[in-house]
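Here the structure is laid out as structure tokens; the discussion comes afterwards.
Please treat every number below as a calculation from the coordinates, not as lab data. Please read these numbers as outputs of a predicted model, since none were measured by experiment. Don't worry about glycine lacking a Cβ; one is built from the backbone with ideal geometry, like all the others, and counts go over all protein chains shown.
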Amino acid sequence: MLLCRVEDRRGLSHLCAARSTNGVDNWQIDSEPTLLTDPDHYPDELWGIEDPRITYIPELSQYAVVYTAYSPNGPGVALALTQDFHQFERYGVIMQPEDKDAALLPRRIDGRWALIHRPANAIAAHIWISFSSDLRHWGSHKQILAARLGGWWDANKIGLSAPPIETSQGWLTIYHGVKQNAAGSIYRIGLALFDLDHPEYCIKRGDEWVLAPVEPYEIHGDVDNVIFPCGYTLGADGDTIRLYYGAADTRIAMATGSVKKMLDWLRDHS
């Protein structure tokens, strides 16, 4: 199942599920929106919701959907829990604007839930972590990965892409970096690794990007030169990954890879 961001002809976004038996083709799109905005009860969703990251939480036997809610004051991080993607328990905004690109870790860290997110200001945007005992009140905020400076592919603005993958070596994290040039922005994908028990500590960070817009459907669209993953599936072998991503803010595409090979690449390129 994909929980897709869909923009209607007003320009406002909602979330809609699409299902496939093999995860590649013959997608069946729900005839009705899966999660609509509800500005009467959640005014921070007035201008739409988008970019869901889904994490299954074994302790709760539920899926946590962390998404961006667009308010007149900018984007904020919102949370909803579901067992079946039909009924949702909405927590509303848990990180005030301007903040987005967020996902929950699937288990508590030292007794507390951990949220990866990306607050921003007019100058730069870095990746942070925050902790909570009840999923509603968050604190102990720490910056865990900074955007680089100068001519780097991930200079000035970075953000979490798909939820981190728990491995024996650490939390394997796929993130995006934005480079500004004379023609505009280029969104590329890189890798980092964080400590399993102390995810605020970065162990390794790739010094190059690993995925970039090169295909026509990634280069041309509503927003050119964008690759933007929000989710993945892992195969039965625990290694084969299918990464689903937005392409030029117009289409959804898929790339395949190997968790082991990504960890090996980080060992050699960090």
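Based on the Kirkwood approach, the hydrodynamic radius assigned to the range 166-270 is 14.5 Å, with every pair of different Cα atoms included.
Here the Gaussian network model covers the chain, with springs between Cα atoms less than 10 Å apart; of GLY235, GLY74, GLY221, GLY235 fluctuates the most.
Restricting to Cα atoms and excluding each atom paired with itself, what does the Kirkwood estimate give for the range 1-80 in Å?
Numbers: mean 1/r = 0.0741 Å⁻¹.
So the Kirkwood estimate lands at 13.5 Å.
Here the chain is treated with +1 on each Lys and Arg Cβ and -1 on each Asp and Glu Cβ, and its dipole about the Cα centre works out to around 540 debye. Among SER61, HIS41, SER20, pick out the residue whose Cα is farthest towards the positive end of the charge dipole of the range 1-68, where Lys and Arg carry +1 and Asp and Glu carry -1 on C-beta, about the Cα centre. The listed residue farthest towards the positive side: SER20. Taking packing as the residue-averaged number of other Cβ atoms within 10 angstrom, the listed peptides 43-50, 146-153, 158-165 run from highest to lowest as 158-165, 43-50, 146-153. Taking label positions 7 Å along the Cα-Cβ direction at both SER185 and GLN143, the computed distance is 1.9 nm, reported to one decimal. Remark on LEU145: its backbone amide H falls under 5 Å from those of ILE127, a criterion applied only to residues 5 or more positions apart or on other chains, H modelled at 1.01 Å from N. For the chain, taking Cα atoms only, Rg and Dmax work out to 17.5, 51 Å respectively.
Using a simple spin-label model with pseudo-atoms 7 Å out from Cα toward Cβ, LEU46 and VAL6 lie 2.5 nm apart. Relative contact order for the range 150-270 using alpha-carbon pairs under 8 Å, separation at least 6, rounded to a whole percent? Relative CO of the range 150-270 lands at 19 percent. Between VAL65, VAL178, VAL223, the GNM of the chain built on Cα springs shorter than 10 angstrom shows VAL223 fluctuating the most. Charges were assigned to the Cβ only: +1 to each Lys and Arg, -1 to each Asp and Glu. The resulting dipole of the range 208-261 about its Cα centre is roughly 240 debye.
Using the crude model of +1 on Lys and Arg Cβ and -1 on Asp and Glu Cβ, and no other charge, please compute the dipole size for the range 1-131 relative to its Cα centre, in debye to 20. Spell out each step's value before the answer.
Working: 11 positive and 18 negative charges, 73 e Å.
The dipole magnitude comes to about 360 debye.
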